[in-house]
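Chemist: Have a look at this one.
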Amino acid sequence: MSPHEDQACIDSQIECKESPLTRLKSFLKRHSLLIALTGVFVLNALDRQILIILLEDIKQEFTLSDSQLGLLSGFAFVAVYITMSIPAAYLADRKNRSKLITLALAMWSIMTVLCGTAQNYLQLMLARFGVGIGESPCTPAAHSMIADTYPQRHRTTALAFYGSGYFAGAFLGFALGGWIADQYGWRAAFFAVGAPGLIFAVLAWFFLKEPARRTPTSSNTLSFIESITALWKIRAFRWYVTGGSLAIFGYAGLMTWLPTFMIREYGSSKAEIGAILGLIVGLGGISAAMGFGILTDKLASKDRRWNLWIPILIFSASAPATAAAFLIQDMTLTLLLCAIPIAVSSAFSAPMISISQQIVSSNLHGMVTAMIFLCNNLIGFGLGPLAVGMVSDYLTPEMGEAAALRQSLEYLSLFFVVAACMVIVSVRYLPQDAHEEIQQHPEN
């Protein structure tokens with residue numbers, strides 16, 4: 001072997017030894033923005049969802065009805081969230097998105113801390129209004145940044161990874177919030193999850209970088225009203241967004257009230273049910289989000305309609321599982337069956353957002369996310385928990401608190417059936433020109 005060959009062999013061995021570290025550095029460099037945005041979303045979900053595990057304590061202290069709890073956990077947050085999300089998305093399509101997210105993080109963290117200082121129902125509701133205002137710019141701005149960072153063929157996976165942050169945050173909200181509430185009270189739980197966000201806001205201000213926009217010259221081509229009108233004229237968009245919102249009605253109602261149901265029906269402690277549901281939401285949700293995200297990208301590369309067929313399959317599986325969960329009067333089986341819809345609920349948003357960003361121009365990426373989230377939050381997160389609480393209150397005089405809540409949760413299965421049917425209709429109206437453009441310009 002010649003000296004040159006010896007040296008080449010040595011160099012090759014050195015490269016092989018260093019390659020794992022090199023690959024890790026390369027991975028972190030390429031995906032650092034996505035990882036940072038996902039971390040922010042974990043805090044977003046943590047501060048939003050921790051209220052769920054605290055509802056029964058708050059009910060007892062302030063002497064509230066289930067309808068009032070449903071209003072507090074759903075519409076009180078959503079009312080301002082959806083009011084602010086559209087203007088926030090409009091800014092995200094035109095201004096510095098990283099700074100917008102940083103300021104939002106600081107605000108919702110402060111308002112979460114203030115939730116723990118509330119002395120009555122009105123004060124707590126006002127603090128939740130503040131959390132909603134603070135969180136409204138986060139996801140539209142983040143989705144816009146992700147769309148400008150990742151090519152279309154990898155975008156669903158990237159969005160799914162970001163979306164998994166919601167379930168990681170919910171896991172912490174259930175598990176950590178339940179334990180802190182049992183040990184130190186529900187107010188301490190708000191303090192514990194809100195305060196760290198202020199530290200991360202300072203770090204984000206200096207280190208969260210703004211990516212270049214794909215079409216920077218087109219940011220002012222549409223007015224605010226024109227942007228909304230352009231999106232709503234897409235028939236497929238109308239159908240699958242409405243279907244997705246009805247599905248979230250079911251998922252939000254189930255996730256919000258299941259801890260309270262387990263406490264009332266089976267006498268579970270907050271720490272116990274928080275840990276169990278935290279594992280379901282965290283591990284199950286993240287696994288489903290990433291698994292379905294990767295699967296959707298693979299299938300949609302050949303036929304983009306898989307971005308809608310995957311949600312149809314998810315809704316179809318959620319309906320019978322939810323119905324059976326509350327027909328069976330067994331704690332273990334109820335939790336196992338509820339684990340199906342709760343886990344897979346993480347997986348349908350990313351495909352829908354991905355297909356939405358394919359059929360609109362770059363200067364509408366923030367707005368299309370905001371429109372989806374407006375409908376999801378108004379119909380789903382806003383009305384779902386409230387409706388379950390109202391039905392429970394209506395049935396309580398006749399059935400008792402636990403049985404009434406069981407019955408109202410069982411009705412949620414109907415919304416998954418309707419959601420699947422609406423998304424099936426949307427497939428028929430999916431525009432074809434976007435698919436042709438993808439084939440001609442695969443780098444987009």
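The values are calculated or read from the model by the stated rules, or taken from the named source; none is laboratory data. From a predicted model like this one, the values you see are computed outputs, not experimental measurements. Cβ placement follows ideal geometry from the backbone for every residue including glycine, while neighbour counts extend to all protein chains displayed. Ligands, DNA and RNA are excluded from the accessible area calculation, which covers all protein heavy atoms including side chains. Shrake-Rupley method; radii C 1.70, N 1.55, O 1.52, S 1.80 Å.
Chemist: Is one or more of the residues making up the stretch 66-82 open to solvent by 10 Å² or more (accessible area, probe 1.4 Å) and in contact with a Cys (Cβ under 8 Å, 6 or more places away or on another chain)?
Modeler: no
Chemist: Another question, if that's okay. Can you report the number of residues in the stretch 298-314 which are at pLDDT 85 or above, assigned to a helix (DSSP H, G or I) and more than 16 Å from the chain's Cα centre (by Cα)?
Modeler: The number of residues fulfilling the criteria is 9.
Chemist: Same structure, new question: How many of the residues making up the stretch 269-283 are part of a helix (DSSP H, G or I) and open to solvent by 20 Å² or more (accessible area, probe 1.4 Å)?
Modeler: Within the stretch 269-283, the first condition is being part of a helix (DSSP H, G or I), and the residues that meet it are 270-283.
The next check asks that each one be open to solvent by 20 Å² or more (accessible area, probe 1.4 Å); those that pass are 270-272, 275-276, 279-280, 283.
Within the stretch 269-283, residues that are part of a helix (DSSP H, G or I) and open to solvent by 20 Å² or more (accessible area, probe 1.4 Å) number 8.
Chemist: Then there is this: Only one of 394, 411, 429 is in contact with a Lys or Arg (Cβ under 6 Å, 6 or more places away or on another chain), among the aromatic types (Phe, Trp, Tyr) and surrounded by fewer than 24 Cβ atoms within 10 Å (Cβ to Cβ); which? If you could, list the steps in order and put the result at the bottom.
Modeler: Details: 394 fails: in contact with a Lys or Arg (Cβ under 6 Å, 6 or more places away or on another chain); 411 fails: in contact with a Lys or Arg (Cβ under 6 Å, 6 or more places away or on another chain).
None of the others qualify; the one that does is 429.
Chemist: Kindly state which helices (runs of 4 or more DSSP H) lie completely within the stretch 343-403 and contain at least 2 residues that are touching a helix residue (DSSP H, G or I) at 6+ places or on another chain (Cβ under 8 Å), of a type in the set (Ser, Thr, Tyr) and more than 28 Å from residue 286 (Cα to Cα).
Modeler: Numbers: elements: 349-358, 365-375, 383-399.
Because the criterion is at least 2 residues that are touching a helix residue (DSSP H, G or I) at 6+ places or on another chain (Cβ under 8 Å), of a type in the set (Ser, Thr, Tyr) and more than 28 Å from residue 286 (Cα to Cα), the helices (runs of 4 or more DSSP H) in the stretch 343-403 that meet it are 383-399.
Chemist: Follow-up question, since we're still on this one. Please give the number of the condition residue 241 fails out of (1) over 27 Å from residue 278 (Cα atoms); (2) part of a helix (DSSP H, G or I); (3) open to solvent by 10 Å² or more (accessible area, probe 1.4 Å); (4) of a type in the set (A, V, I, L, M, F, W, C).
Modeler: (3)
Chemist: Okay, moving on. Mind checking which residues of the stretch 307-359 are of a type in the set (S, T, N, Q) and touching an Asp or Glu at 6+ places or on another chain (Cβ under 9 Å)?
Modeler: 322, 329, 334, 354, 358, listed by residue number.
Chemist: Looking only at the stretch 195-218, filter to residues that are loosely packed, with under 14 Cβ neighbours inside 10 Å and among the hydroxyl-bearing types (Ser, Thr, Tyr); which one of those is modelled with the lowest pLDDT?
Modeler: 217
Chemist: Let me ask something else. Say we look at the stretch 382-403 and pick out the residues that are among the hydrophobic types (A, V, I, L, M, F, W, C) and touching a residue at least 40 places away in the same chain (Cβ under 8 Å); which of these is farthest from residue 49 (Cα to Cα)?
Modeler: So the residue we want is 402.
Chemist: Next question, about the same structure. Scan the stretch 134-178 residue by residue and report those that are in a helix (DSSP H, G or I) and of a type in the set (Ser, Thr, Tyr).
Modeler: 139, 144, 149, 156, 157, 162, 164, 166 - these are the residues of the stretch 134-178 that are in a helix (DSSP H, G or I) and of a type in the set (Ser, Thr, Tyr).
Chemist: Could we say that residue 439 is modelled with pLDDT of 90 or more, polar (S, T, N, Q) and open to solvent by 40 Å² or more (accessible area, probe 1.4 Å) here?
Modeler: no
Chemist: Please enumerate the residues belonging to the stretch 37-58 that are over 16 Å from the mean Cα position of the chain (by Cα) and open to solvent by 20 Å² or more (accessible area, probe 1.4 Å).
Modeler: Answer for the stretch 37-58, where residues must be over 16 Å from the mean Cα position of the chain (by Cα) and open to solvent by 20 Å² or more (accessible area, probe 1.4 Å): 56, 57.
Chemist: Taking the condition of a type in the set (Gly, Ala, Ser), farther than 25 Å from residue 32 by Cβ and open to solvent by less than 10 Å² (accessible area, probe 1.4 Å), does residue 130 pass? Break it down into steps so the answer makes sense when it comes.
Modeler: Working: of a type in the set (Gly, Ala, Ser): yes; farther than 25 Å from residue 32 by Cβ: yes; open to solvent by less than 10 Å² (accessible area, probe 1.4 Å): yes.
It is true that residue 130 is of a type in the set (Gly, Ala, Ser), farther than 25 Å from residue 32 by Cβ and open to solvent by less than 10 Å² (accessible area, probe 1.4 Å).
Chemist: When both residues are 6+ apart or on different chains and their Cβ atoms are under 6 Å apart, which pairs have a first residue that lies in the stretch 112-130 and is in contact (Cβ under 8 Å) with a residue 24 or more places away in the chain and under 13 Å from residue 62 (Cβ atoms), and a second that is not in a helix (DSSP H, G or I) and not aromatic (Phe, Trp, Tyr)?
Modeler: 124/118
Chemist: Looking at 123, 119, which is the one that is open to solvent by 10 Å² or more (accessible area, probe 1.4 Å), at pLDDT 90 or above, in a loop (DSSP other than H, G, I, E, B) and more than 21 Å from residue 373 (Cα to Cα)? Let's see the steps before the verdict.
Modeler: Working: 123 fails: in a loop (DSSP other than H, G, I, E, B).
Being open to solvent by 10 Å² or more (accessible area, probe 1.4 Å), at pLDDT 90 or above, in a loop (DSSP other than H, G, I, E, B) and more than 21 Å from residue 373 (Cα to Cα) holds for just one of 123, 119, which is 119.
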